Amino acid sequence: MKRSALLPLPIVGSLLLTGCGALDMSGGVTLNLVAADYGDNETNSSSIYWNNLARRFEADNPDIKVHVDVVSWNDIDKHLADLIAKGKTPDIAQTGGYADQVAADRLYPAGDVLSNSTQVNLLDSFAKAGQVLGSQYGIPFISSSRVFFYNKEIFAKAGITAPPTTWDELRRDAELIKSKVPGVIPYALPLGPEEAQGEAMIWTMSGGGGLSDNAGNYTIDSQANRATFTWLRSNLVDKRLTYDDPSKVDRKTAFNDFASGKVAMLNGHPGLVSKAVAGNIQYGTAAIPRKDPGIKPSTLGVADWVMAFKAPGHRAEVKKFLNFVYAKENTLKFDEQYNMLPVTQDTLEDMSANPAHKDLTEFLNALPNANFYPLGDPSWDKVSSMLKQRIGEAVRPGSADVLGDLQAAASAEASRARKG
């Protein structure tokens with residue numbers, strides 16, 4: 001499990017709220033919930049949301065109590081591991097991943113703890129991302145997607161009237177910006193170690209490839225991916241239409257440069273909206289440009305997850321609680337409070353129709369076409385680390401066979417993980 005891929009938040013200490021054992025004094029069941037904190041101080045801690053939700057659930061289900069344990073993103077993985085090691089496995093955990101718990105055979109399948117109506121209401125792409133070998137264990141909780149951002153003022157100065165829809169249009173726009181708006185980086189290509197795997201996946205998908213296939217096999221060194229990185233090197237890096245060495249540029253740097261007017265175009269998540277507004281940037285968003293119109297539109301989807309553990313043995317009670325958690329009034333409240341994107345169809349429809357969420361329109365539109373990292377593969381954490389460190393080298397002039405090296409290492413790691 002990993003710290004949320006959605007928002008890098010400041011540390012908030014562990015908040016242990018309410019408390020009792022597996023059985024309360026009246027003979028009812030107590031569910032233990034461990035959840036990550038999306039707030040950055042005590043006034044907006046997720047503990048407030050979860051405790052309010054728990055008390056409302058208890059009012060309708062007096063034989064079930066809910067013990068809420070909200071922990072900072074920096075501490076939650078260790079905290080959960082410590083609980084399991086001490087024989088105090090919680091009933092439910094909400095955090096950044098699930099694959100390691102599936103590998104240890106600790107989780108209920110989603111179908112055992114969700115009603116049919118709740119399962120059907122999950123966005124299909126996110127439900128599939130929670131699968132391991134065809135069975136869903138990870139239950140999506142909140143999500144994010146990536147879209148194309150552009151600076152409207154820079155576009156106007158360069159005489160560009162609409163955002164690019166293809167790679168060739170992006171290159172032409174970048175060349176116009178370089179010639180007419182000096183001092184601006186036309187396109188940010190952050191392939192540094194912070195999130196190189198994300199930028200790489202966006203580009204490989206828009207080129208008709210990807211980091212893995214539908215069967216979960218790594219396809220880092222595919223012909224389509226080689227063509228993508230060759231295009232990036234020849235059309236953006238060699239032409240000096242991006243940073244001099246994208247392999248050393250992190251997402252944070254690219255976002256800050258866009259928010260200060262130093263970058264004209266880049267791919268970004270919803271967190272970039274507030275940064276752009278704070279920087280007084282007149283920005284626009286659009287679908288991510290593709291190599292050609294024949295390639296299916298897609299975006300990188302990221303989610304945080306809910307897991308239901310078998311050890312406490314409270315399947316029926318967990319099912320009641322999770323169906324309550326995923327009711328629209330509750331998912332909508334959390335998504336709006338933390339400016340997150342939904343994982344359920346009814347909440348997506350509500351937010352899409354609400355003018356208050358106009359700034360999220362492109363992100364919401366992209367969600368149904370989201371593709372994900374191979375989260376269910378136990379080798380992904382190590383492979384992701386490899387990609388972060390090296391895949392940016394693939395756009396350096398005269399670079400070695402980076403994709404081939406990464407493919408060999410990823411395949412070997414996958415083989416080890418499946419045997420072990």
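Summary of computed values
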item: Inter-site label distance for Lys88 and Ala162 at 7 Å from Cα along Cβ, in nm; result: 6.0
item: In Hz, Karplus ³J(HN,Hα) per residue of the stretch 323-334 (6.51, -1.76, 1.60; θ = phi - 60°; x = Gly, Pro); result: 5, 6, 4, 8, 5, 4, 4, 7, 5, 5, 4, 5
item: Built amide H within the under 5 Å cut-off of Leu31, gap 5+; result: Lys65, Val66, His67
item: Relative contact order [Cα under 8 Å, 6+ residues apart], the chain, whole percent; result: 24
item: Euclidean distance of C-alpha centroids, the stretch 239-317 and the stretch 72-112, integer Å; result: 27
item: Accessible area expressed per residue, the stretch 268-420, with surrounding protein chains retained (probe 1.4 Å, Å²); result: 43
item: 3J(HN,Hα) from dihedral phi, the stretch 152-158, Karplus parametrisation 6.51/-1.76/1.60, rounded to Hz, x for glycine, proline; result: 5, 5, 5, 4, 5, 5, 8
item: ³J(HN,Hα), Karplus 6.51/-1.76/1.60, whole Hz, each residue of the stretch 116-124, x for Gly, Pro; result: 4, 5, 5, 4, 5, 6, 5, 4, 4
item: Mean Cα-pair separation over length for the stretch 114-265, i.e. relative contact order, pairs under 8 Å, 6 or more apart, %; result: 27
item: For Val132, distant residues with modelled amide H under 5 Å away; result: Tyr137
item: Those residues of the stretch 295-339 whose amide nitrogen sits under 17 Å from the label point placed on Asp112, 7 Å along Cα→Cβ; result: 306-323
item: Centre separation in Å (Cα based) which lies between the stretch 169-206 and the stretch 352-386; result: 20
item: The chain: angle of helix 402-419 to the longest principal axis, Cα-based, in degrees nearest 10; result: 20
item: Portion, in percent, of the accessible area of the stretch 273-324 that falls on carbon or sulfur, probe 1.4 Å; result: 51
item: Average accessible area per residue (Å²) across the stretch 31-188 - probe 1.4 Å, nucleic acids and ligands excluded; result: 40
item: The chain: calculated mean residue ellipticity at 222 nm from DSSP helix runs of at least 4, using -39500 (n - 2.57); result: -11500 deg cm²/dmol
item: Set of lysines with alpha-carbon distance to Lys310 below 22 Å, sequence-local pairs under 8 removed; result: Lys2, Lys65, Lys78, Lys86, Lys88, Lys128, Lys319, Lys320
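The values are calculated or read from the model by the stated rules, or taken from the named source; none is laboratory data. Just so we're clear, the structure is a prediction, and the values are computed from it rather than from any experiment. Every residue, glycine as well, gets a Cβ built from its backbone with ideal geometry; the counts of neighbours run over all protein chains shown. Heads up: the accessible areas ignore ligands, DNA and RNA and are worked out on the full protein's heavy atoms, side chains in. Shrake-Rupley method; radii C 1.70, N 1.55, O 1.52, S 1.80 Å.
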